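Chemist: Pasting a structure below so you can have a look.
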Amino acid sequence: MSSASSQEPFSAEAYFASQSPPANLADDLQRVKEFIAKHRDAGRRVVLITSGGTTVPLEMNVVRFLDNFSAGTRGATSAEYFLKAGYAVIFMHRQFSLQPFSRHYSHSTHPFLDFLEVHPSSAPDATIADTEVKVTQRVVPALLPILDAYKRTMSEGLLHMLTFVTVDDYLYLLRGVSKEMGVLGRNGMLYLAAAVSDFFLPRNKMSEHKIQSGKGSLIIEMDQVPKVLKPVVAEWAREGFVVSFKLETDAALLVPKAQAALERYGHQVVIGNDLQTRNRPTSTSTKRGEGFETAWLRIDPALTTPGAGAGGREVKEIEEDIVKELEGRHGRWIERG
Ligand code: PAZ
């Protein structure tokens, strides 16, 4: 697979002209419009969270695809803290990645069935309908606040879910939802935590059927996905408070790359995280006058075992501090007008 292309990168318009929208886009956007209107009328701040990795199919009838690393932990965890802070949340996530609330009982960390107990009836004529299944008492203290927050969120209609799989789905949804958020003015925040592919295979270069292996090695030249942060900030969500994420594997690149992104796109905050330690130190960079301001959010590594809270142990999650910091900055930015 080649790593660099001699071609001009696609502009956002050329990208959308060449790639097809997801089948349910119009319905999805209609529901987003209604959700935003309801919360705008209530004077509530709304955050769009993107979460999880995108895929890039290599064939029209997809057998193989390129994927981006992300379990969806950052996005799902942040969504809970934004809800706690009073935001309504549009949670745009990769299908089957972690979701707010249910993330505490993911099949890999805390399988749901492990928390259940069966109590058969001892009556001689008992049927299966007399058997009770209960939640194990030991998990109740940790479960109750999660269940309570979940029920309240759902009954008040504060969480709206959207799913994507491919990078095409993601970009069409991002464009549509960002534009809908325009009616919120400064009360809208975009929190772009999804891990989005930098490369894609345009439809006109894609094989219709499964790529055959008979010819030995495979060489695919991919095109560059347009840098859509530019139209997000300059066109689609002009009044929104935009927070982008930068993931690096070389920690020394985090701050310079975050500052370069702020310089290039002119948005409000970049959150930098290193792949190995992403649940621990995290930097936030903001443009300040002619320069930049970088702050580090750090928490005690002993308190950060992901998902440990579901079993009853208290954990500290870095997203709590990220969201607190952003809520404050968003508020001050709204006041400044
Ligand atoms: O979903 P997760 O918790 O496993 O990972 C989150 C993350 C590292 C993908 C996210 O914090 C992030 O940095 N997103 C942007 C990735 C990028 O630079 O493309």
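Chemist: Find all pairs meeting these conditions: Cβ atoms under 7 angstrom apart; at least six residues apart or on different chains; first residue within the stretch 55-69 and more than 17 Å from THR163 (Cα to Cα); second residue part of a loop (DSSP other than H, G, I, E, B) and within 14 Å of the ligand (Cβ to nearest atom).
Modeler: Final answer for the pair search is LEU66/SER197.
Chemist: Quick check on my filter: what residues within the stretch 82-115 are among the aromatic types (Phe, Trp, Tyr), modelled with pLDDT of 95 or more and surrounded by fewer than 18 Cβ atoms within 10 Å (Cβ to Cβ)? Step through it out loud before you land on a result.
Modeler: From the stretch 82-115, those among the aromatic types (Phe, Trp, Tyr) are 82, 87, 91, 96, 101, 105, 112, 115; that's our starting set.
Subsequent filtering for residues that are modelled with pLDDT of 95 or more retains 82, 87, 91, 96, 101.
Hit for the stretch 82-115 is PHE96, nothing else.
Chemist: Given the condition aliphatic (A, V, I, L, M) and within 15 Å of the ligand (Cβ to nearest atom), answer yes or no: does some residue in the stretch 5-16 qualify?
Modeler: Going through the stretch 5-16, the residues aliphatic (A, V, I, L, M) turn out to be 12, 14.
Next cut, within 15 Å of the ligand (Cβ to nearest atom) only: none.
No, the conditions are met nowhere in the stretch 5-16.
Chemist: Quick one: count up the residues across the stretch 255-273 that are touching a helix residue (DSSP H, G or I) at 6+ places or on another chain (Cβ under 7 Å), near the ligand (Cβ under 9 Å from one of its atoms) and not aliphatic (A, V, I, L, M).
Modeler: 1
Chemist: Pick from the stretch 49-78 the residues that are near the ligand (Cβ under 8 Å from one of its atoms) and part of a strand (DSSP E or B): which of them is nearest to TYR191 (Cα to Cα)?
Modeler: Within the stretch 49-78, the match that is nearest to TYR191 (Cα to Cα) is SER51.
Chemist: Scan the stretch 79-99 for residues that are closer than 19 Å to GLU156 by Cβ and within 13 Å of the ligand (Cβ to nearest atom) and jot them down.
Modeler: Answer for the stretch 79-99, where residues must be closer than 19 Å to GLU156 by Cβ and within 13 Å of the ligand (Cβ to nearest atom): ALA79, PHE91, GLN99.
Chemist: Taking GLU59, is it modelled with pLDDT of 95 or more and within 29 Å of GLU156 (Cα to Cα)?
Modeler: Numbers: modelled with pLDDT of 95 or more: yes; within 29 Å of GLU156 (Cα to Cα): no.
Against the criterion (modelled with pLDDT of 95 or more and within 29 Å of GLU156 (Cα to Cα)), GLU59 does not qualify.
Chemist: Within the stretch 56-81, which residues are closer than 17 Å to ARG45 by Cα and surrounded by fewer than 23 Cβ atoms within 10 Å (Cβ to Cβ)?
Modeler: TYR81
Chemist: What pairs come out if I take residues in the stretch 193-208 that are in contact (Cβ under 8 Å) with a residue 40 or more places away in the chain and of a type in the set (A, V, I, L, M) and pair them with residues that are more than 12 Å from the ligand (Cβ to nearest atom) and in a strand (DSSP E or B) whose C-beta lies under 7 Å away, six or more apart or interchain?
Modeler: These pairs meet every condition: LEU201/VAL56; MET206/GLU59.
Chemist: I'm checking my understanding of the structure. Among residues of the stretch 130-161 that are surrounded by 11 or more Cβ atoms within 10 Å (Cβ to Cβ) and among the hydroxyl-bearing types (Ser, Thr, Tyr), which one is farthest from LYS33 (Cα to Cα)?
Modeler: Result: THR131.
Chemist: What are the residues in the stretch 162-182 that are in contact with a helix residue (DSSP H, G or I) (Cβ under 6 Å, 6 or more places away or on another chain), hydroxyl-bearing (Ser, Thr, Tyr) and crowded, with 23+ Cβ neighbours inside 10 Å, if any?
Modeler: Answer for the stretch 162-182, where residues must be in contact with a helix residue (DSSP H, G or I) (Cβ under 6 Å, 6 or more places away or on another chain), hydroxyl-bearing (Ser, Thr, Tyr) and crowded, with 23+ Cβ neighbours inside 10 Å: just SER178.
Chemist: Which residues, counting only those in the stretch 189-205, are aromatic (Phe, Trp, Tyr) and either at pLDDT below 95 or surrounded by 19 or more Cβ atoms within 10 Å (Cβ to Cβ) (or both)?
Modeler: Scanning the stretch 189-205 gives TYR191, PHE200.
Chemist: If you don't mind, another one. Name the residue, out of SER51, SER18, that is within 30 Å of LEU218 (Cα to Cα) and not β-branched (Val, Ile, Thr).
Modeler: The unique qualifying residue is SER18.
The values are calculated or read from the model by the stated rules, or taken from the named source; none is laboratory data. Keep in mind that what you see is a predicted model, and the values were worked out from it rather than measured. We place every Cβ from the backbone using ideal geometry, glycine too, and count neighbours over all the protein chains shown.
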